[in-house]
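S.K.: Here it is: the structure, laid out below.
Every number in this text was worked out from the coordinates using simple rules, so none of it is lab data. Predicted model only: the values in this text are computed from it and were never measured. Here the Cβ positions follow ideal geometry from the backbone for every residue, glycine too, while neighbour counts run over all protein chains shown.
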Amino acid sequence: MKIALIGYGKMGKEIEQIAVSRGHSIVLTIDIQNQEELTHQNLAKADVAIEFTSPATAVNNYLQCFEAGVPVVSGTTGWLERKGEVEQACSAKKGCFFYASNFSLGVNIFFAMNRFLAKMMKDFPQYDVSMTEVHHTQKLDAPSGTAITLAEDIITLNGTKTAWTINENRSASDLYIKPVREGLVPGIHTVKYDAEADFIEITHSAYSRKGFAFGAVLAAEFCAGKTGILSMSDLLKF
């Protein structure tokens, strides 16, 4: 498979190593220094694009991929207010768009655990739910896309919260997410149900970016021959 890498930071380089180890080739590498090379002609060399950039550039990158007829896999977060626009553009071009707030297999198992626990705790409103997410200082968005996914599942399934917030001065109906930025932490997410007598806590901690990168390459392989909007639920079948 021929892959275009849009975004060649630490994650892009990790993806490159895993992709090459699985027999794929990198035919285009785009980073901040050569953004002008993200053209229809260059994208046409690729079977799929993997995009990890920034919220400011992500949507334009997706649209260029759709125009070039190239499936795009993206893990960029912080752009979801334009989700409807992206999905409409993908549909109009009969393209393929695979988005995940987190490509790690472990995190997606954690998502499933979070949904199960949220439904279980629905009948126990004495437990107040909150979240903490910790990432490296170079992460541009807060809270993380992973934290937002966890929060939205809790809001949908638990019923005790109506919205999420990072504001400490929140109402009782708000799900508080505490974002922490420190050091080189790849990602730690904790969901806590706290009551007067005890608390219940589930945590996912990433050792490195390898799990995210491996999942992104699996997603790129999964896109072959497909159209439409895809997610990790489609890939992992849970």
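S.K.: Hey, what did the stretch 1-149 get for relative contact order, percent, Cα under 8 Å, at least 6 apart?
M.R.: On the way: 195 pairs, mean separation 27.4, N = 149.
Relative CO of the stretch 1-149 lands at 18 percent.
S.K.: Sticking with this structure for a sec: For Y127, Y62, Y193, Y207, what's the fewest-to-most ordering of other Cβ within 10 Å of each Cβ?
M.R.: Lowest to highest Cβ neighbour count: Y207, Y127, Y193, Y62.
S.K.: Would you mind calculating the relative contact order of the stretch 105-205 from Cα pairs under 8 angstrom and at least 6 residues apart, reporting the percent as a whole number? If you can, show how the numbers build up before the last one.
M.R.: Numbers: 175 pairs, mean separation 36.2, N = 101.
Rounded, it is 36 percent for the stretch 105-205.
S.K.: What is the list of residues in the stretch 193-223 whose amide nitrogen lies under 16 Å from a point 7 angstrom out from the Cα of V185, following Cα to Cβ?
M.R.: 202-209
S.K.: Count the DSSP beta bridges whose two residues both fall in the stretch 105-205, then state the antiparallel fraction as a percent rounded to the nearest 5.
M.R.: 65 percent
S.K.: I need the semi-axes of the equivalent ellipsoid of the chain: take the C-alpha gyration tensor, multiply each eigenvalue by 5, square-root it, list largest first in whole angstrom.
M.R.: Those come to 34, 18, 16 Å.
S.K.: Right, here's the next one. May I ask for the angle, rounded to the nearest 10°, between helix 210-222 and the longest principal axis of the chain, with both axes built from Cα atoms and the value confined to 0 to 90°?
M.R.: Helix 210-222 and the main axis of the chain meet at about 60 degrees.
S.K.: In the stretch 105-205, if every C-alpha pair distance is counted and binned at 5 Å from zero, what percent goes to each bin?
M.R.: 2, 14, 25, 25, 19, 10, 4, 1
S.K.: About the Cα centre of the chain, how large is the charge dipole given +1 on each Lys and Arg Cβ and -1 on each Asp and Glu Cβ? Please answer in debye to the nearest 20. Don't skip to the end; give the middle numbers.
M.R.: On the way: 22 positive and 26 negative charges, 116 e Å.
With Lys and Arg at +1 and Asp and Glu at -1, about 560 debye.
S.K.: Arranged from highest to lowest average of other beta-carbon atoms within 10 Å per residue, in what order do the peptides 153-159, 67-73 appear?
M.R.: For the peptides 153-159, 67-73, the packing ranking is 67-73, 153-159.
S.K.: In terms of modelled amide H atoms, which long-range or inter-chain residues lie less than 5 Å from the amide H of T29?
M.R.: Long-range HN contacts for T29: L5.
S.K.: I've got another one for you. Running Debye on the stretch 1-58 with equal point scatterers at the Cα sites and no solvent, what base-10 log of I(q)/I(0) appears at q = 0.16, 0.19 Å⁻¹?
M.R.: Normalising to I(0) and taking log10 leaves -0.44, -0.62.
S.K.: Kindly provide log₁₀ I(q)/I(0) values, in the same order as q = 0.14, 0.16, 0.17 Å⁻¹, from the Debye equation applied to equal alpha-carbon scatterers of the stretch 1-142.
M.R.: -0.74, -0.91, -0.99
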